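J.: Here it is: the structure, laid out below.
The values are calculated or read from the model by the stated rules, or taken from the named source; none is laboratory data. Please read these numbers as outputs of a predicted model, since none were measured by experiment. Virtual Cβ from ideal backbone geometry, glycine too; neighbours counted across all protein chains shown. Just the protein is used for accessible areas: all its heavy atoms, side chains included, with ligands, DNA and RNA removed. Shrake-Rupley method; radii C 1.70, N 1.55, O 1.52, S 1.80 Å.
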Amino acid sequence: MSRSTHVQRAAIALTVMSLLGAVYALSAPAAPATPAKGTAAPAKGAAPAAPAAATKGDAAAGKTIFMTKCIVCHKADGSGGVKLTGNPTPNWKDPKTWADPKRTDAYLRDCITNGKTPSGMVAWVKTGQVKAADVDNLIAFIHSLAPKKK
């Protein structure tokens, strides 16, 4: 199968997932939201924020969203590995994922809000499928998937 066929299939899959998400978002009752609170990116040269640290969001509310929107690519247990285009989705259970200094809350917020087209990440907030107020909830849930430090 040619590369263009793979790209076309990935594009169709992403379109279908986005449409299903939009239909769900319009038909499902809204999950309780906490007010969005922005965090600034670390200053240049500063150490990145500790990824497994507690965030402002409600992990239980984030889990509800994760299990309806994110599960397709990131799997129910957060182990990821799905490769739609580019790199596979991150494995939130792997300590190596959290060792990556770019995995800050600001980075996760940007991914959820604006998407990452080369990797197939949907712009959940920009497309209206996730409310901006729920991004902190999703980030809190993602942090709950991180392996516990000993």
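J.: Enumerate the aspartates and glutamates that Lys75 could reach by cross-link, defined here as Cα to Cα under 17 Å, with residues fewer than 8 away along the same chain left out.
T.: Asp94
J.: At 1.4 Å probe radius, can you tell me the per residue accessible area of the stretch 78-120 in Å²?
T.: About 51 Å² of surface per residue is accessible.
J.: Take the residue pairs Lys69/Lys116; Lys116/Lys149; Lys69/Lys131 and return only those whose Cα atoms are more than 18 Å apart.
T.: Flagged as over cut-off: Lys116/Lys149.
J.: Using r as the Cβ-Cβ distance of Lys56 and Asn114, and R0 as 22 Å, what FRET efficiency do you calculate, to the nearest 0.05?
T.: 0.65
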